[in-house]
Amino acid sequence: MCFGNQETGRKETTSTANPAVASAATGNLSFVQNLRDQGFKPYEGPQVANFSDQQKNSFGLTDAIVGNGTGDASKALINTYSGAPAQSVNANTIASGMSPYMNEYVMRALAPQMRQMDISNAKDMAGVNSAATSAGAFGDARAGIEAANTRFNQNVQREGVIGNAYDRAFNTAIGASAQDQSNSLSAQNANANYMEQALQRALGGSSALQGLQNQQLGVAGAQNQMGQQQTARDQAELTAKYNQWLMAQQQPRQDAALVNQTVAAGANAMPASTSAVESKPDNSGLALAGSLGTTLLSAFI
């Protein structure tokens, strides 16, 4: 109540939180501040699994297979096969073999016979000369004619012997040369076939080397696949540990949020208590003045 501009009273209201709620809120605030002050803590454990021993072995095995020269050897064999020229067979003419047979062997075969013929001819000429001497006709024209006829006959006989020898030698040379040419052609054909067989073996060897290399690479691949399973298990274990670490990092914050929710629920269930204090000024002087004024006013009435 006021008299004029004077304040006649004041009322002060004080709110006091529930002690349990206030204690919980204060403790949670301190807890959250402590989390804030700790800052971010990075994960210090491994997050990616290393290659397993089997995988490492498969890597080394693969490198060894690639570098063992099998591929180069196979390539060289293929190049040998594909780059080989066509095989060829050459046949010489029979005439090319005639001259050696005719010149070399005929005169060798005739040498003894010709020697005996020369001896016989010498005896014949000696007989002619002896007969001419006995007849006293040596130096006569008849003796010369007889000697000439004897030499002519000897030459005819000699030429006949040589001609027959060459005729036989020619026939023999043809047969021998033909046989040689046949043998040469057979040998060349056989060598050509052997060369083709060798080329086929080279191609087969290349295929075998490639198959061996593929087999070895298959073994390395199987080993790598088994190693992947081990690595996957190790990775799963590391991932589980990391997830556990994440849960551990999140747990305090989840606890703080839960405490906040609990404090809020507690504040609603246990609201703060209020107290009011009212204070009034001392107006006794004003009351006396009012009473005196009323008395004076009555006197004038």
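Since every read-out is calculated from the coordinates, none of them should be taken as a lab result. Computed from a predicted structure; not experimentally measured. Because the Cβ atoms are built from the backbone with ideal geometry, glycine has one as well, and the counts that use them run over all protein chains shown.
General remarks:
- Cleavage-rule hits (chymotrypsin sites (Phe, Trp or Tyr not before Pro)) in the stretch 159-210: DSSP loop, at most 12 neighbouring Cβ within 10 angstrom: none
- Measuring between their Cα centroids, the stretch 43-59 and the stretch 11-26 lie 58 Å from each other.
- Those residues of the stretch 113-128 whose amide nitrogen sits under 20 Å from the label point placed on A147, 7 Å along Cα→Cβ: 118-128
- Here the calculated FRET efficiency for A256 and M226, from their Cβ-Cβ distance with R0 = 41 Å, stands at 0.30, rounded to the nearest 0.05.
- Phi angles across the stretch 33-44 convert, under the Karplus curve 6.51 cos²θ - 1.76 cosθ + 1.60 with θ = phi - 60°, into 3J(HN,Hα) values of 4, 5, 4, 4, 5, 5, x, 7, 10, x, 6, 9 Hz, Gly and Pro given as x.
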